[in-house]
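Have a look at the structure below, then the notes.
The values are calculated or read from the model by the stated rules, or taken from the named source; none is laboratory data. As the structure is a prediction and not an experimental result, all values here were calculated from the model. Neighbour counts are summed over all protein chains in view; Cβ atoms, including those assigned to glycine, are modelled from backbone coordinates with ideal geometry. Heavy atoms of the whole protein, side chains included, go into the accessibility calculation; ligands, DNA and RNA do not. Shrake-Rupley method; radii C 1.70, N 1.55, O 1.52, S 1.80 Å.
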Amino acid sequence: MYNHKEVEAKWRKYWADNKQYATPEGVTKDNKYYILPQLPYPSGSGLHVGHAEIYIACDIYSRFQRQQGKKVLQVMGWDAFGLPAENYAIKTNIHPRINTDTAIDNFREQIKSLGVSVDWDREVGSHNPDYYKWTQWFFLLMYEQGLAYRKKQTVNWCDSCKTVLANEQVIDGHCERCDSEIELREMEQWYLKITDYADKLIEGLDRVDWPEESIKRQRDWIGRSTGIDIDYEVVGKDFKVTCFTTTPVNFGATFIVVAPEYEYVDQLITDDNREIVEKYIEEAKAKTDLERQVDEKQKTGVFTGSYAINHLTGEQIPIWVADFVLASFGTGAVQGCPAHDERDFEFAKKFDLPIYRVVEGKDGETDKVINPDTETFDQVKIGKGIKRKMINSEMFNGLPFDEGMKATMDYFEEKGWGKRVVNYKLRDWSVSRQRFWGAPIPMLHKPLSEEEKALNELYNNNPYTVISFHAWGSSPTSRYHGWLGEQLAAEGIEYFNPELPNAENPLLSEWLDTMASEVGDKETKNSVVIGRSLGCWSALKFAENHKVRKLILAAPTVPTPSRFSSWQEAAEEKTYEMLVNFIGGDAGNLDIEKVKENVGELVVFLSTDDPYVELEETEKWFRTEFPYARIARYREVGHFDLDEFPGILEEIKQPVALDLKPLQVGDLPVILPDDVDFKPTGQSPLTYSDKFQDGIEKRYGEGWKREVDTLDTFMCSSWYFFRYLDPHNDEAFASKEALENWMPVDFYLGGPEHVTGHLLYSRFFTKVLYDAGYISFDEPFLVHRHQGIILGPDNRKMSKRWGNVINPTDVVNNYGADTIRMYEMFMGPLEQSKAWSEASVQGVRRFIDRIYKFSTTNEFANQLDSATEAELHKTIKKVTADTINLKFNTAISEFMKFINYAEKAQVTKEQWETFLVLMAPYAPFLTEELWQGSFGHSDSIHMQEWPKHDDSLLTQQSVTIAVQVNGKLRDTVEVEFDSDQEAVESAVKDSEKVQKYLENAEPKKVIYVKNKIINYII
RNA sequence: GCCGGGGUGGUGGAACUGGUAGACACGUUGGACUUAAAAUCCAAUGCCUUUAACCUGGCGUGCGGGUUCGAGUCCCGCCCUCGGCACCA
């Protein structure tokens, strides 16, 4: 009898003592294989059979790849921050670290009992300071790249969890964790600009091997739509209402609707309507998202009293407010084209607004005015693929709908009434949480002094100017300067971009004189000063003597030691001379303290492949000299010789935040304090810690305090797969070498519920790292698959409520780890959901016992039996193919077929051992016990090379042919392999069953498929 | 409502590019072993029909149609189910 408990304990110890699954050295791009099981949340209720399924599948694959000669990385870690632990802590008044660590210890033991070949020396936990130090570093990276910002806006608030949630964490208007209904609140929060990456996130999906539906879901979630923003004049007002539309059927635009939160809504309301409109807006804002959707077809809305002018018809069309318009999508205002948009149709019907047909009806209707009581929307709607023609649209008449839309957009752009734009459903990712058990946000705040308040007012509510220093050998029109001038002019921003003298052999003093005379005695306090290349030095010198709002340095040629020496040594001796000449004398001495004092914010742009500015050294110089400089890295833009540079335009427009300061990397981690009352109040618990703010003012200046919100735990899990590569690194989140060798992940297994959350975020993080030049790939997970849900024996989702929860550790104890491994894989395809069956578990255990019994009691043959050899090779071929394709269920059925065969056949010991090697990834304990124990090998079966099949052994001697008459199976005949038609037909002559049907007629036609079927047509 | 996956025996599920549907397992039934039970081993097992029996014939992959010598697999139209999104202009 096979004693699984004894055997498993023995080999677990042996593998651990021998460090058998330590990550191998000597990894290259070609021999590495990175297998990633999704990071678990270590919940207090222990491991679930669904978790087990992931780890088992990944482990089988890992062991298989190892035996195929790959160097495998398989690691485990914990997504350890989060609400359940905190809620439990609140209930028990025990610190969440304690219950989290207990849960982790429990999880670890449970996972180890499954026999997974994980390198436990690389285990990570997101709640450990040496991990969350780098989560915080990622936040700072986002901040420096201009991708983290604070904004006050409507957020999803879960009142039960007392925290804000990201859109991705709201399911059907309910909290994904506790299921309570989500409220909308106005709050100031930290956001990550994932929307900047919308296009890159869509584009990358073409390059990954993921389940088709997951790719589609991500694409839909990002929700790219192309259309046009149309500016409408408002009668009697001096501002315009801009509507976003994808289908500008504008001859049919008969009204405009804006969201209750629309920014100019107040100015649209006329006195007569004020009371009623304001009441409506107030009520709408009080509603939850869910409440707004309750009566989908029951449109509500009120007329503001204002009118806009339809460009094409010249008609005045009323502007309404209605809550079906979303403030967060497009411009928050839409044009009502009721004939061809269902919502607009409902709205127009309810409020008796005109409906004009501008596309031919379903049955060829052409009359312009539609009566919604007699004609349904179905008659007029323009569905996908419907190619009806435009009518009642003057110059667009007769065009097919698609072309009509294009023509209209062209026309509007030509007339300057609109501009083509792209909109996304994707929203920026809100990452602040008002909870305790998370990574503190590494930022500082302070209340503004009176003086600063005035400055802030100046920065934010007054026109500002832009001053630009071009580079050596440049001109005001070269590089991006000319483009920038146009862009700024279009926005009405004043731009000083003079020609600096002697561009080929410049002198700093001359450049500064020119700039001084250009600027004259204008106040520069609210100016953005830009330098590029050598112009940066001038810009810095300028800032020595002028107060400026912001200093932007692109490709700064600052005098780092190697900079000068390399120029000195380089062939370009003239360059060195010129530089010395330029900076020469006192002019070259920069008073850094003065610059710091004068500059509101210093922003540095570096390129990862700048031939003149060494990236890391320059970065270090700025971090030393200007600790609070924000350094953004751009991927491969050379010396910023760009014709267009949208990044700089965005940066110019970004206001300076005087009340914020990022921590420096050297000050990380911001440790989560222990002296905290974590009862939720809606205020972050860190607010109440005394220790947390200790020494901050002393170190950073009066008034400064740490940010008390913590980071969304999804930030922790957005980069964990990098940490596994180099988990003990103090200098970086992972070394360059480790990143280059191991990434990207070759195989990632996880649940489909993370498609629009974790997987999107992880891709975003990776792309940001790529753009900042830290890595050379921009998709983290090449191959991704989902495991299906394992249901309870009653076919319901496992839950305490139904009492149908299976604890994997019980199964391990009762039947053994190999049994649960093989059972969970044998249940069905990995990606499919399937119900637990105790009887089937026993069936698998029976199979294990049969293998054990056969191995230990069978009398092995001395002579090789060729039929057995053929069977073995057939098994090798099928198991290999199935394992590669993750069809573990059919691989296991192949094992069963082979034991069924072997029990009745002559099998040599070597043949049987080969079979055991095939089974090793699936049943690691049993096979190891037999290999080393019963068969006396002195090394591990898991280090054995994967067997290869020999195709020549697979050719069968004879083959069974199906004989059909008129497509119906009547008999089968045995013939020699590869027989021709004649031989088969003669064999068929001996079949009475078939002859019975062929007796009376000569077949009209005979179809023969070699080695498969023969079909007589009579 | 829109988008996507899936409907195969009593059950979980097999079936390569169209070529013997139901591999493998569970369950069930019968038998062997046993005083007995469990365990184990052997045999049968899609449904219907027919036969005392070997057998005969038919029907079968959600439903209806089509293409084909031949369809679980391809095409058209439905039904059911699971999952996602949900006023995204």
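General observations
Residues are listed down the side, and each one gets a yes or a no for (1) open to solvent by 70 Å² or more (accessible area, probe 1.4 Å); (2) in contact with a Pro (Cβ under 8 Å, 6 or more places away or on another chain); (3) over 21 Å from A:Gly125 (Cβ atoms):
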| position | (1), (2), (3) |
| --- | --- |
| A:Val7 | no, no, yes |
| A:Trp11 | no, yes, yes |
| A:Trp15 | no, no, yes |
| A:Asn18 | yes, no, yes |
| A:Glu25 | yes, no, yes |
| A:Ile35 | no, no, no |
| A:Pro40 | no, no, no |
| A:Gly44 | yes, yes, no |
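- Here A:Leu711, A:Leu672, A:Leu668, A:Leu663 are screened, and the one residue that is at pLDDT 95 or above, open to solvent by less than 20 Å² (accessible area, probe 1.4 Å) and farther than 30 Å from A:Thr477 by Cα is A:Leu711.
- A:Asp810 meets each of the listed conditions (1) within 14 Å of RNA strand B (Cβ to nearest atom); (2) open to solvent by 30 Å² or more (accessible area, probe 1.4 Å) apart from (1).
- Listed by position, the helices (runs of 4 or more DSSP H) inside region A:711-826 whose residues that are of a type outside the set (Phe, Trp, Tyr) and either farther than 29 Å from A:Ser430 by Cα or in contact with a Gly (Cβ under 6 Å, 6 or more places away or on another chain) (or both) number at least 3 are A:736-742, A:808-815, A:817-826.
- Some residue of region A:472-492 being within 22 Å of A:Arg549 (Cα to Cα), over 38 Å from the mean Cα position of the chain (by Cα) and charged (D, E, K, R): no
- Annotation note: Cβ proximity below 8 Å between a residue of region A:926-947 that is under 21 Å from A:Arg846 (Cα atoms) and a residue that is open to solvent by 60 Å² or more (accessible area, probe 1.4 Å) and of a type in the set (D, E, K, R) (sequence gap 6+ or interchain) occurs for A:Glu929/A:Lys10.
- Some residue of region A:5-20 being closer than 22 Å to A:His786 by Cα and part of a helix (DSSP H, G or I): no
- Selection count where residues are open to solvent by 10 Å² or more (accessible area, probe 1.4 Å) and either among the basic types (Lys, Arg) or closer than 24 Å to A:Tyr143 by Cα (or both), scope region A:176-202: 12
- Boolean, A:Phe622 is within 29 Å of A:Ser449 (Cβ to Cβ) and open to solvent by less than 20 Å² (accessible area, probe 1.4 Å): yes
- In the set (1) surrounded by 19 or more Cβ atoms within 10 Å (Cβ to Cβ); (2) within 11 Å of RNA strand B (Cβ to nearest atom); (3) not basic (Lys, Arg), the condition left unmet by A:Thr875 is number (2).
- Any hit, region A:101-109, residues being open to solvent by 20 Å² or more (accessible area, probe 1.4 Å), among the acidic types (Asp, Glu) and within 22 Å of the chain's Cα centre (by Cα): no
- Taken over region A:189-210, the criterion of being in a strand (DSSP E or B) and closer than 21 Å to A:Leu660 by Cβ is satisfied by A:Gln189, A:Trp190, A:Tyr191, A:Leu192.
- Subset of region A:719-735 that is touching a residue at least 24 places away in the same chain (Cβ under 8 Å) and among the charged types (D, E, K, R) - its residue that is surrounded by the fewest Cβ atoms within 10 Å (Cβ to Cβ): A:Asp730
- Scanning region A:845-872 for residues that are closer than 20 Å to A:His4 by Cβ and either in contact with a Ser or Thr (Cβ under 7 Å, 6 or more places away or on another chain) or more than 10 Å from RNA strand B (Cβ to nearest atom) (or both) yields A:Arg845, A:Ile848, A:Ile851, A:Tyr852, A:Ser855, A:Thr856, A:Thr857.
- Among residues of region A:314-341 that are outside any loop (DSSP other than H, G, I, E, B) and within 7 Å of RNA strand B (Cβ to nearest atom), none has a Cβ under 8 angstrom from a residue that is modelled with pLDDT of 95 or more and open to solvent by 30 Å² or more (accessible area, probe 1.4 Å) at a sequence gap of 6+ or on a separate chain.
- Residues of region A:436-454 classified as open to solvent by less than 50 Å² (accessible area, probe 1.4 Å), closer than 21 Å to A:Tyr143 by Cβ and either modelled with pLDDT of 90 or more or not acidic (Asp, Glu) (or both), total: 10
- Checked against the criterion of being within 33 Å of the chain's Cα centre (by Cα) and not aliphatic (A, V, I, L, M), the candidates A:Asp231, A:Asp199, A:Asp238 yield just one match: A:Asp199.
- Single residue of region A:269-285 satisfying the filter (within 16 Å of RNA strand B (Cβ to nearest atom) and either out of contact with any Leu (no Cβ under 9 Å at 6 or more places or on another chain) or at pLDDT 95 or above (or both)) that is most open to solvent (accessible area, probe 1.4 Å): A:Glu283
- The residue of region A:214-228 that is nearest to RNA strand B (Cβ to nearest atom), among those that are without any contact (Cβ under 8 Å) to a residue 60 or more places away in the chain and open to solvent by 80 Å² or more (accessible area, probe 1.4 Å), is A:Lys216.
Residue-by-condition table, conditions (1) closer than 25 Å to A:Asp119 by Cβ; (2) aromatic (Phe, Trp, Tyr); (3) in contact with a Cys (Cβ under 6 Å, 6 or more places away or on another chain); (4) crowded, with 17+ Cβ neighbours inside 10 Å:
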site	(1), (2), (3), (4)
A:Glu702	no, no, no, no
A:Ser717	yes, no, no, yes
A:Pro744	yes, no, no, yes
A:Tyr761	no, yes, no, yes
A:Phe764	no, yes, no, yes
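- Filtering A:Leu590, A:Leu602 for residues that are of a type in the set (A, V, I, L, M, F, W, C) and either out of contact with any helix residue (DSSP H, G or I) (no Cβ under 7 Å at 6 or more places or on another chain) or open to solvent by less than 30 Å² (accessible area, probe 1.4 Å) (or both) leaves a single hit, A:Leu602.
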